Protein chains: 2
Amino acid sequence: MLKRCKFIVHYVSKFNVFEQVRYASQILPQFSAEKYNVKRKNFSNVQAADVSYFQSILGNDRVLTDRDEVLPFNIDWIRNCRGQSQVVLKPKTTQEVSEILAYCNKKRLAVCPQGGNTGLVGGSVPVYDEIVINLMLMDKIITLDEISGALVCEAGCVLENLDNYVRGHNLIMPLDLGAKGSCQIGGNVSTNAGGLRLLRYGNLHGSVLGLEAVKADGTVIDCLRSLKKDNTGYHLKHLFIGSEGTLGIVTKVAIHCPVLPKAATLGFFGIKNFENILELYKSAKSSLGEILSAFEMADNLAITQTVKNLNLPNPISDYPFYALVETHGSNEVHDGEKLSNFLNKEMESGLIMDGTVTSDPAKMQTIWNLRESIAASSLVGGYVFKYDVSIPQKHYYDIVPMLKQRLGDKASAVFGYGHIGDGNIHINISVPQYTKEVVSLIEPFIFEEVSKLKGSISAEHGIGFRKPQFIHYSKEPSALGLMRDLKQLMDPNGILNPYKVLPETN
Amino acid sequence: MLKRCKFIVHYVSKFNVFEQVRYASQILPQFSAEKYNVKRKNFSNVQAADVSYFQSILGNDRVLTDRDEVLPFNIDWIRNCRGQSQVVLKPKTTQEVSEILAYCNKKRLAVCPQGGNTGLVGGSVPVYDEIVINLMLMDKIITLDEISGALVCEAGCVLENLDNYVRGHNLIMPLDLGAKGSCQIGGNVSTNAGGLRLLRYGNLHGSVLGLEAVKADGTVIDCLRSLKKDNTGYHLKHLFIGSEGTLGIVTKVAIHCPVLPKAATLGFFGIKNFENILELYKSAKSSLGEILSAFEMADNLAITQTVKNLNLPNPISDYPFYALVETHGSNEVHDGEKLSNFLNKEMESGLIMDGTVTSDPAKMQTIWNLRESIAASSLVGGYVFKYDVSIPQKHYYDIVPMLKQRLGDKASAVFGYGHIGDGNIHINISVPQYTKEVVSLIEPFIFEEVSKLKGSISAEHGIGFRKPQFIHYSKEPSALGLMRDLKQLMDPNGILNPYKVLPETN
């Protein structure tokens, strides 16, 4: 079943499948404030005069107040959280963002910064009536330096559009994720998005060359240098990378784009057990070396449920585990040779039970589509708890059988999949319906176990609205104290994305 | 003259040549406070009771007060700066660092954190009588995870020792610099050191997985996770990466080590002009792709002066420019083929006039030694002004002829060399002696020109003591304001490395 074709891959959006699922159920979710019993903080209420002021800056078209128009901005992608905002603002310039924030800060009006609203921890939608500041209209590409690979653009640019643009200049974006067709680079930066290429191209703290952000009081912090090396004082941009819009709103980004690989190949393999997945990863690191660009795993249920729920093809038969191994390189012949050697060796050793290898863009697309649809497939029917944790690799999969045993028949499905190269596993737990009993079985159990294994309770999704009460499993009290100090320093009125990231002090 | 041998390279220390030069002149440098007309800040003076307190924590052996013993800790590597400290402390544990800082903070005693003291901007030595806290005894390796490549160690570990250690486990350190035989990982992290491998393995903001640091008040901030992905709240470690010991003292580091390349090759080429260097870089990026690990350049004078002053061999003849191209890969045959194709193409095109290519560790060592000795060679005789700037690549070399013209016969030598892949050029200006007239010709002219070209006035050396007054050429007022706010938040008494990084407010 092993085969290989000869083309350079061009990814296309895999987000359409998410959209299908997203709108499959149109029953409105419960308000987050009620569902999670949150007390409104002491912010001002939006008045007609405030709306008039926003209209004076943005014009009427870019200030949404109609209930139906505002609704989608209140609901998160997995339809778990629902805010009660009555106003959505769509600035087109940094200056407008600055004026909006200066005003809101003065008036003690809370705001919720929003990009593509594809987050999974409720960070991108309001909880109460925070004013939504959506960056979608700040979508201009500013410059691209083809020699250095430095792209400078506005925060509202959709990741996939950027990727398509830089591909035209022989470059690629250093990050790729399932939501690429909707997520925005400003949101990616604000949440320190990880995704599928991290193993090869590193994280955003390494790739972001510079940025511009607006502080709560409207001050524009201009760190928009596009140099690879700049050691002039504190590295302020990192304050905004991954702080989920609670310290400022990212308005422009300079990012390093690697060279577009001339050759790409994808293998999809059936594996006997998790131990063999780990052995295969070690072998791939050694045999494929610098061309290894992704090493993903999924257990049997993750794949079979996706195949069934979304009616997608599985290119190989049924196996206990699956591994997806991708290479990006500059020489098709060399890459093919490396991959063949790896395959021959590991078919012979038995680590790979069966598999398919392809360089045909359409076939690669089919395999990636299967992998990237796992997240969405679990949204079909019932309620799904989604966890995203990092665990040192040797204990990577331990938590899945542990949860299966604990939940027994209370869960209709428990499965795991993720980026094994980064120690990052996504765990989905499907239940017939959301009940407090099930919640209490899962949480804080899962976080306690991850903490015992020296893992992170949020590998790439962030803390957002859903996890502040669990942050102490991954952050020491002194670090939490410093986080609070930073928040107080940069947003003393707490208007930026309240109820998120920082736990309440009781 | 093209030749190739077949071995895996193992770097050895190139720092011995620095040491030779360093001690060539034993005349004591002028006190920094006098030379640069600095006013002492309102800190307490160290009393006998303070020394007794430090002895009670560290014992007598680890509290140096003898003038001769303290002297080397007061003078920087290029013998440009000299402090007046009377006490050097050598803690062995984080707890000791914490106790020392808590005490100094309470007593308003200023401190100067110090690693290997190899910095080039006077950041690692005191200006007045700051107490030196040297981390050299915190040199333990804590853990190494061979699957993930995560190394956890104390801050005082010497970079070269770490590199040797992880090579024993089939890994390498993600950074390499000329001072590797003396510099410490804590100092590397605190100064966000760049160096020779940045092109391939990225910067420390990307490679550092976690760290532990002590704030001015003695609070230990524990962010020592060793996971590749951890999105649990603010990414605090970045506050300490590159803030040059002014926000806290780094005590432990977790860092990602890439796989040791199975094959390494080095080419050293003669090039006609700078335009061709740039063309060659573009060609190397395309032909060598993922195996390109370093692309360095030096002009004629940089090489000929080093050859002459240090009596080193130049493996090729005299050319206007030189390029050093290194590959790191997992397959010797493939890498050799890629490099051969690149060479054949560019010898034919004329971009490469002549050159040598080798995989023999000893021969690679000779070439790297020549490249890495440039910095030290210029210290022989007279006085040398050293600048380290980033400039977008197309204008990378512009500044050198500009300075030559401006200085005329007032300079005995002006030359440039550096990491072209990172847009980072080092400029050395040798003069018979340091005079205010020469200074006024160079500064702020060089910074103004770099700023006009949208460069950074300090690419990798940092701001330290020597550049705060020029930081505004690279940092906007709002960013400088945020820097001051952070300093005030984290070190309200300003005891940590005073007179450094932040410009004085007048």
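Miscellaneous remarks
- Along chain A, the longest continuous region that contains none of the trypsin sites (Lys or Arg not before Pro) in a DSSP loop with at most 16 other C-beta atoms within 10 Å is A:273-453.
- Taking all C-alpha pairs of the range A:141-256, those more than 18 Å from each other amount to 45 percent.
- Residue exposure sequence - A:LEU198, B:LEU502, A:LEU120 - by fewest surrounding Cβ within 10 Å: B:LEU502, A:LEU120, A:LEU198
- Under-5 Å amide H pairs with B:ALA150, H placed in peptide plane, nonlocal only: B:ASP145, B:CYS257
- Computed over the range A:391-506, the ratio Rg/Rh where both radii use C-alpha atoms and Rh is Kirkwood: 1.02
- Between the range B:125-149 and the range B:382-426, the alpha-carbon center distance in angstrom: 33 Å
- Between copies, A:LYS404 shows label-point distances of 7.1 nm, shortest first, with the point placed 7 angstrom from Cα along Cα to C-beta.
- Cβ neighbours within 10 Å from other chains - mean over B:474-483: 6
- With Cα atoms as the point set, the range B:76-202 shows a radius of gyration and Dmax of 15.8, 48 Å.
- For the range A:83-94, Karplus couplings with θ = phi - 60° (6.51, -1.76, 1.60), whole Hz, Gly/Pro x: x, 10, 5, 10, 9, 10, 10, 10, x, 10, 9, 4
- In terms of surrounding Cβ atoms within a 10 Å radius of their Cβ, B:ASP61, B:ASP145, B:ASP388, B:ASP230 rank from fewest to most as B:ASP61, B:ASP145, B:ASP388, B:ASP230.
- Taking Cβ atoms as reference points and 14 Å as the exclusive limit, the residues near A:LYS282 contribute a net charge of -2, counting Lys and Arg as +1 and Asp and Glu as -1.
- Inter-copy spacing of A:ASP360 label points, which lie 7 Å from Cα along Cα→Cβ, given in nm from shortest upward: 5.0
- Shortest-first nm distances, A:LYS41 label point to equivalent points in other copies (7 Å, Cα→Cβ): 3.2
- Evaluated over the Cα positions of the protein assembly as shown, the convex hull gives a direction-averaged projected area, one quarter of its surface, of 38.7 nm².
- Estimated Rh, the range A:28-134: Kirkwood, alpha-carbon pairs, angstrom: 13.9 Å
- Projecting the Cα atoms of A:ASN428, A:LEU486, A:GLY382 onto the charge dipole of the range A:378-490, computed from C-beta unit charges around the Cα centre, puts A:LEU486 farthest toward the positive end.
- Whole-Å distance, taken between Cα centres, linking the range A:351-368 and the range A:432-481: 35 Å
- Put simply, the Cα atoms of the range A:261-375 extend 38, 29, 19 Å along their principal axes, the longest span coming first.
- Volume of the convex hull of chain B (Cα atoms only), normalised per residue: 142 Å³.
- Backbone amide hydrogens, once placed in the peptide plane, bring B:GLU460 within less than 5 Å of A:ASN231, excluding anything fewer than 5 places away on its chain.
- Remark: the range A:162-175, residue by residue, has Karplus-estimated 3J(HN,Hα) of 5, 4, 4, 5, 6, 4, x, 10, 6, 10, 10, 6, x, 9 Hz, where x stands for each Gly or Pro and the curve is 6.51 cos²θ - 1.76 cosθ + 1.60 at θ = phi - 60°.
- With respect to the axis relating copies B and A by rotation, the chain B residue whose beta carbon is closest, plus that distance in Å, is B:GLY206, 1.
- Number of partner chain Cβ atoms within 10 Å, mean per residue of A:236-245: 5
- Across the options B:ASN231, B:VAL166, B:VAL253, the greatest Cα extent toward the positive end of the charge dipole of the range B:124-254 (unit charges at beta carbon of Lys, Arg, Asp, Glu) belongs to B:ASN231.
- Annotation for the range B:183-213 versus the range A:28-103: alpha-carbon center distance of 41 Å.
- Test item: Cα-centred dipole of the protein assembly as shown, Lys/Arg +1 and Asp/Glu -1 on Cβ, debye: 780 debye
- Bins of 10 Å, starting at 0 and running to the largest distance - Cα pair percent for the range A:243-329: 14, 33, 24, 23, 6
- A:LEU209 long-range amide H proximity, modeled H, under 5 Å: A:ALA254, A:ILE255, A:HIS256
- Residue mean of other protein chain beta carbons inside 10 Å, A:217-227: 4
Every number here is computed from the coordinates shown, using simple stated rules; none is lab data. Just so it is clear, the model here is predicted, and its values are computed rather than measured. Don't worry about glycine lacking a Cβ; one is built from the backbone with ideal geometry, like all the others, and counts go over all protein chains shown.
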